[in-house]
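The values are calculated or read from the model by the stated rules, or taken from the named source; none is laboratory data. Keep in mind the model is a prediction, meaning the values are calculated, not measured. Backbone-built Cβ (ideal geometry, glycine too); neighbour counts: all protein chains shown. Quick note on the areas: whole protein, heavy atoms, side chains included, nothing else; ligands and nucleic acids left out. Shrake-Rupley method; radii C 1.70, N 1.55, O 1.52, S 1.80 Å.
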Amino acid sequence: MRVLPAEVVAIVGPSGSGKTSLLMLLAGLERPTSGRIEIAGHDLGKLTEDGLALFRRNNLGIVFQSFHLIPSLTALDNVSLALGIASPELSLKQAREAAEAALTSVGLGNRVHHRPSALSGGEQQRVGLARAMIANPRLLLADEPTGNLDQKTGSLVIDVMFDIARKKHTAVVLITHDPSLAARADRVFTMTQGELVETTASKEA
Ligand SMILES: Nc1ncnc2c1ncn2[C@@H]1O[C@H](COP(=O)(O)OP(=O)(O)OP(=O)(O)O)[C@@H](O)[C@H]1O
Ligand SMILES: [Mg+2]
């Protein structure tokens, strides 16, 4: 599988087929027993653990299936902390302003001071997306980013992801069970028992 800048690739497939496992490999959070992963010129297999952490900080945005927000921090602080780590040259005020804008773009402008425990699942998911995209990653990995969202909010979130891909030339790999979302992607791959096959439907002009 090869993903280009500004391209949106969807991965579909049954539960347990290995989609999240693939995402963990792409994120450098697990190491492959065979095969090679190259992202933005980095061969992940050749990086040390510290190298992988630095690689992630500089190149990746990750939206986890189970959110992984910091429970003691507000939505705003979860997002601005991520930006502060990626861009230490920014002032706290700049980071918080950018975080507020990112949260507003995913429809959470009125929830910035809530902690994760006071947010719904779909709201937490959107905080996760705002955090993943805040530092303009080269590659955005998203595990079922609309899995907890109603149709309207889901399509808002997808619009935001496409916008990032097109405007910031971010490559996007998203895992989804939603056929209407997969249909919007530039290319679709289907995972079946650990095997990835391109299944892009031909689109009418
Ligand atoms: N850390 C692990 N150690 C061993 N097996 C695992 C581990 N994580 C996942 N698995 C197994 O690997 C298979 C693929 O899991 P994975 O999480 O990648 O599925 P998935 O395609 O993301 O499914 P879902 O759509 O339900 O999220 C499953 O059978 C799962 O039980
Ligand atoms: Mg999964």
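With the structure loaded, tell me whether residue 53 is part of a loop (DSSP other than H, G, I, E, B), away from ligand 1 (no atom under 12 Å from the Cβ) and farther than 24 Å from residue 121 by Cβ or whether it fails that test. Answer is no for this residue.
With respect to (1) within 16 Å of ligand 1 (Cβ to nearest atom); (2) open to solvent by less than 40 Å² (accessible area, probe 1.4 Å); (3) of a type outside the set (A, V, I, L, M), the lone exception for residue 33 is condition (2).
Of all residue pairs spaced 6 or more apart or on separate chains, those with beta-carbon atoms under 8 Å, a first member in segment 62-79 that is within 16 Å of ligand 2 (Cβ to nearest atom) and a second member that is open to solvent by less than 10 Å² (accessible area, probe 1.4 Å) and assigned to a loop (DSSP other than H, G, I, E, B) are 62/27; 63/145. So residue 42 clears everything in (1) open to solvent by 80 Å² or more (accessible area, probe 1.4 Å); (2) free of Cβ contacts under 8 Å to residues at least 60 places away in the same chain; (3) more than 16 Å from ligand 1 (Cβ to nearest atom); (4) not small (Gly, Ala, Ser) except one condition, right? Which one? For residue 42, the failing item is (1).
Of all the criteria given as (1) assigned to a helix (DSSP H, G or I); (2) within 16 Å of ligand 2 (Cβ to nearest atom); (3) open to solvent by 30 Å² or more (accessible area, probe 1.4 Å); (4) hydrophobic (A, V, I, L, M, F, W, C), the one not satisfied by residue 23 is (3).
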